[in-house]
Amino acid sequence: MPFICYKRICSESLCTRQYHFVNESKTWTEAQRYCRQNYTDLATIDNMEEMNRLYKTVRGTYYGKAWIGLYDDMNSWRWSLDNTTLDGGFKSWYVQQPVDAGGQSLCVYMSYHWGIWSEASCYYTLPFVCYDGRPNATERYVVIYYNKNWTEAQSYCREHHTDLVSIRNETENHRVQSLIFDYYTVWIGLYRTRSWSDQSNSSFSNWRTGQPDNAGYSEYCTAVSFRDSGSWTDENCNTALPFICYSALASFCQYHFVNESKTWTEAQRYCRQNYTDLATIENMEEMNRLINTVNGSYNDSAWIGLYDDVNSWRWSLEDNDFYQEGERDFRNFYHEPNNYDGNDLCVYMNYAGDWFDSSCDNFFTFVCYDGTENSSQKYVWVSEYTTWTGAQSYCREKYTDLASVRNETEHQQIINVAHYYYYYVWIGLHRNRLWSDQSNSSFTHWLPYTQSVEAQPDNGASVQALNGAQHCTAVSLQYFGQWTDESCFASLPFFCYGGEKTYLL
């Protein structure tokens, strides 16, 4: 295949990637070698903005597939508890495992039958076994008979005990097996992630629907499909394709503290006139640099560019061909949305068809949309309780996506699916907070609960006069730069950014 490389010399937080399309057909390993010799490495992608820049490197001159740096290392298993790898350690795999069946088998469960291990999609919901290493623990191994996906099981164990169980030898394996009732299978703490050629820890993905699928158990390398708007597919690593490399551009975003009190909109206008925009923050290193611009001269709150637009709803299924004019805008909110506690970024529907905004971390059942040609029904109710993100992942893996509602007819069809069960169900409507410069940074640094301040954001829930009216974000220098949501009409100093310098390394 062709392939895509990149070159990095700068640190993670100060580096912008410049992508280079190489229209020479090579296997993935040959492409990796070429990129490392001539640039930095095969392309790594951290977010959708970088994905769009990579896509533009071809500029319509190529419509096939091209290698990037993501690959599936079948030997990269590690334990959740201490992040140690499985290399050379105890193993109890079922015959011919692991093979990554279906391309998404990244987590491990144990069967009551002989204590054998098998790989599975992390989105499956199973009981699980926690390890409790606390000094006052009465039991070291605790079986939890709640059905949760692997990530939810890990979070539960870390909150209530120590972590998901690690198994270091035959004795421990037999001990865990003896705790499982007949016919049960349970998550254990063994898992893996796909790896990037440059050892980046990016978790971003842009898979085409139905991918990865590891067809024929031989597709372990990743390609960008320019015919499919840059979505990804898994391919046999020995296929010859063009590729994309990257080289490093060192960039240093300069922050500017303006000690003039303005509303958020006035501060935005000032920054755009005199610099680039209100400050965007991508990571903790940038957050520390922003704080250092004050150098201890100010110890209160100041605006940054993050704001909450309660009208920025969008559907999880983003395919433009799926919607006719106006169909993205169908709504059936019931006295909502109100973002009551500052975290209501996802939408659920009750059995009567009324919509409500809610925290995406709440647990509801959900309705998937199945757009495949051979589907027997368009909308499928799933009885498992999970977060909105868990529901989205499940629907994308098993069907097409979480349900979109384009008109009253579809609305009634979904009501008919969910009404019989009298459950609240997630649908595909959601939103994110937005940055003034339209950045897609997902970094946050909200202030947790203190004796004098509620956990942030709270949209004024603790201040009667401002209840439901705090939509703009400020950095609190009093609280070490952690963030609070404030009324956009409050007058505060502010941080701009601009004068960014970039160097090719």
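The values are calculated or read from the model by the stated rules, or taken from the named source; none is laboratory data. Predicted model only: the values in this text are computed from it and were never measured. We place every Cβ from the backbone using ideal geometry, glycine too, and count neighbours over all the protein chains shown. Each accessible area value is taken on the protein alone, full model and side chains, heavy atoms only, with ligands, DNA and RNA left out. Shrake-Rupley method; radii C 1.70, N 1.55, O 1.52, S 1.80 Å.
Couple of notes before you dig in:
Matching residues to (1) at pLDDT 95 or above; (2) touching a Phe, Trp or Tyr at 6+ places or on another chain (Cβ under 6 Å); (3) outside any loop (DSSP other than H, G, I, E, B):
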position	(1), (2), (3)
ILE188	yes, no, yes
THR193	no, no, no
ASP198	no, no, no
GLY210	no, no, no
ALA248	no, no, yes
SER251	no, no, yes
SER261	yes, no, yes
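- Consider segment 166-192 and keep the residues that are out of contact with any Lys or Arg (no Cβ under 9 Å at 6 or more places or on another chain) and of a type in the set (Ser, Thr, Tyr). The one that is most open to solvent (accessible area, probe 1.4 Å) is TYR183.
- Pick from segment 200-256, criterion out of contact with any strand residue (DSSP E or B) (no Cβ under 6 Å at 6 or more places or on another chain) and closer than 30 Å to GLN268 by Cα, ranking: most open to solvent (accessible area, probe 1.4 Å): GLN254
- Across segment 360-403, the qualifying residues are those that are part of a loop (DSSP other than H, G, I, E, B) and within 16 Å of TYR424 (Cα to Cα), and the one among them that is most open to solvent (accessible area, probe 1.4 Å) is ASP361.
- Residue in segment 482-498 that is out of contact with any helix residue (DSSP H, G or I) (no Cβ under 9 Å at 6 or more places or on another chain) and more than 28 Å from TYR275 (Cα to Cα) present: no
- Enumeration of residues in segment 331-359 that are assigned to a loop (DSSP other than H, G, I, E, B) and in contact with a His (Cβ under 7 Å, 6 or more places away or on another chain): ASN332, TYR351, GLY353
Every residue, every condition in (1) at pLDDT 95 or above; (2) part of a strand (DSSP E or B); (3) aromatic (Phe, Trp, Tyr), yes or no:
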| residue | (1), (2), (3) |
| --- | --- |
| MET1 | no, no, no |
| CYS5 | no, yes, no |
| ARG8 | no, no, no |
| SER13 | no, no, no |
| ARG17 | no, yes, no |
| HIS20 | no, yes, no |
| SER25 | yes, yes, no |
| ALA31 | yes, no, no |
| ARG36 | no, no, no |
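- Of all residues in segment 85-108, those that are in a loop (DSSP other than H, G, I, E, B) and without any contact (Cβ under 8 Å) to a residue 24 or more places away in the chain total 6.
- Count of residues meeting criterion [in a strand (DSSP E or B) and open to solvent by less than 30 Å² (accessible area, probe 1.4 Å)] in segment 419-468: 7
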